[in-house]
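Scroll down for the structure; my scribbles are underneath it.
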Amino acid sequence: MSSAWIALSLSLKVAGWATAINLVLGVATGFFLARTRLPGRDLLDSLLTLPMVMPPTVLGYYLLVLVGRNSTLGSWLYDNFGISLIFTWQGAVLASCIVAFPLVFKPARAAFEEVSPQLEQAGRVLGLSELSIFFRITLPLAWRGILAGLLLAFARALGEFGATLMIAGSIPGRTQTLSIAVYEAVQSGQDSTANLLVLITSVVCITVLLSASWLSRSHRRRQA
Amino acid sequence: MIELQLEKTLTSPRRRFQLQLGFTCSDQRLLVYGPSGSGKSLLLQLLGGLQTPDSGYIRLAGRTLFDADHKINLPARQRRIAYLFQDYALFPHLTARQNIAFGLRRGLLNPGRNICSQAVDQWLERFSLQDAQHLYPYQLSGGQRQRTALARALIMEPAAVLLDEPFSALDPPLRQHMREQLATLQSQLNIPMIMISHDPVDLEFFAAAVVHIENGQLAGIDNGIPI
């Protein structure tokens, strides 16, 4: 029974970290793509969207190749910092992060592109620095669109299975998240555990989705 | 009051536009007059620091804002110029009061809804906006919006005011009223105002000096000297 709650708290921890990291990286990427005039920006956009289209197991395999103990990056991390991402919850965060990344940067890019450049110019002639303009004009106006993306990313990270299983495995209490625990429970015939896990996951996901749609609705109302 | 000579070429895949102007004028009220697409708005953006000329110089109200030969180019935020955008560019996420107080507050945070400021109170009173101060821009009438935008710009005690077709978004009766209010304001504040317009009424009513622009070139000047 209590193992279900351990899996839930682990899932929330992993999804929370993945969302927090995406808040910074996804918003920065979205802002960059919205503002840059680089010719390769649409190609970059497509490349960064790949994690949404590719099968998570393939993504997990790539990650294993990239950060596994035998890889250049993986052995460097281990030799210099003693960090190993394989079979750890941090590895699960990395997997969730990458899978959910497009769900943050794409709406962020769209939200930034909607902000009228004239409002930023108005800030400029009123004497504000570029940093102040970002935090006082651009970000507040794009914020609801970004938040909706973050909620979806959180839900996606919560449900992450394939890539996480490949890189972090399924160690109960350490890397066994909710969605992996459901699979294990069904495999070993523990129906009551599976029922509970499924119920918890559904409630969390529905809450997240309802919040996301409520946010995007009030966003539209404010713009009108 | 203003002395400038500048050149700016804009290129897009579809068209190439060149603005090439030089004039000097000592009147406090200057109207830049010309058909749409003549380069009026571009001129205003160059004055305000929102675009950079390719060459030339700009001197306004006793200060050099731009001089290509001496590598001077004050950024928009240091020009101390009030800029009234055609559709006002009020911040939609802030109330009228917060919009007016916007430039007074430095740093990364916006002024709060109830920010205390004598200057804000004075401008609200001057423009009869007290009752509307806690409304958001979309809740304001056209005239209130314009007065909020003006107050937001003038509270910074600018050295000059630039107005981009300030009356085009208003209905005719209100238009005349705002014309009068603006003219009064100019004589009270006694700072240079440069307005762009394609409305002949503004020629008679507002202007002391007029610069006519056509297709990016100076087509005529009243009360000024071409350079």
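The values are calculated or read from the model by the stated rules, or taken from the named source; none is laboratory data. Everything quoted here is computed from the prediction, not taken from an experiment. Cβ: placed from backbone, ideal geometry, glycine included. Neighbour counts: every protein chain shown.
Tell me, yes or no, whether region B:1-17 has at least one residue that is crowded, with 17+ Cβ neighbours inside 10 Å and not in a strand (DSSP E or B). Within region B:1-17, one or more residues are crowded, with 17+ Cβ neighbours inside 10 Å and not in a strand (DSSP E or B).
Right, B:ALA101: within 14 Å of another protein chain (Cβ to nearest Cβ) and touching a residue at least 12 places away in the same chain (Cβ under 8 Å) or not? Judged against the criteria, B:ALA101 is a match.
Only one of B:PRO158, B:PRO111 is at negative phi, crowded, with 17+ Cβ neighbours inside 10 Å and in contact with a strand residue (DSSP E or B) (Cβ under 7 Å, 6 or more places away or on another chain). Can you tell me which?
Working: B:PRO111 fails: in contact with a strand residue (DSSP E or B) (Cβ under 7 Å, 6 or more places away or on another chain).
It is B:PRO158.
Going by what's in this entry, would B:ARG59 be described as of a type outside the set (Val, Ile, Thr) and either at pLDDT below 90 or within 23 Å of B:PRO166 (Cβ to Cβ) (or both)? Full working, then the answer.
Details: of a type outside the set (Val, Ile, Thr): yes; either at pLDDT below 90 or within 23 Å of B:PRO166 (Cβ to Cβ) (or both): no.
So B:ARG59 fails the test.
Within region A:164-183, identify whether any single residue is away from every other protein chain (no Cβ under 14 Å), touching a Pro at 6+ places or on another chain (Cβ under 6 Å) and hydrophobic (A, V, I, L, M, F, W, C), and answer yes or no. Before you say what the answer is, go through the steps one by one.
Of all residues in region A:164-183, those away from every other protein chain (no Cβ under 14 Å) come to A:164-183.
Keeping just the survivors that are touching a Pro at 6+ places or on another chain (Cβ under 6 Å) gives none.
No: zero hits.
Being touching a helix residue (DSSP H, G or I) at 6+ places or on another chain (Cβ under 9 Å) and either surrounded by fewer than 20 Cβ atoms within 10 Å (Cβ to Cβ) or more than 7 Å from every other protein chain (Cβ to nearest Cβ) (or both) is the filter here; which residues of region A:133-142 pass it?
To start, the set of residues in region A:133-142 that are touching a helix residue (DSSP H, G or I) at 6+ places or on another chain (Cβ under 9 Å) comprises A:133-134, A:136-139, A:141-142.
Once the filter is applied, which keeps residues that are touching a helix residue (DSSP H, G or I) at 6+ places or on another chain (Cβ under 9 Å) and either surrounded by fewer than 20 Cβ atoms within 10 Å (Cβ to Cβ) or more than 7 Å from every other protein chain (Cβ to nearest Cβ) (or both), region A:133-142 yields A:ILE133, A:PHE134, A:THR138, A:LEU139, A:ALA142.
Within this structure, A:SER179 fails the test of being part of a loop (DSSP other than H, G, I, E, B) and touching a Phe, Trp or Tyr at 6+ places or on another chain (Cβ under 9 Å).
So is B:ALA151 surrounded by 15 or more Cβ atoms within 10 Å (Cβ to Cβ) and within 14 Å of another protein chain (Cβ to nearest Cβ) or not?
yes
In this structure, is A:LEU94 away from chain B (no Cβ under 14 Å), at pLDDT 90 or above and closer than 30 Å to A:GLU184 by Cα? Yes, satisfied. Taken over region A:108-132, residues that are crowded, with 24+ Cβ neighbours inside 10 Å and either under 19 Å from A:GLY145 (Cβ atoms) or in contact with a His (Cβ under 7 Å, 6 or more places away or on another chain) (or both) amount to 3.
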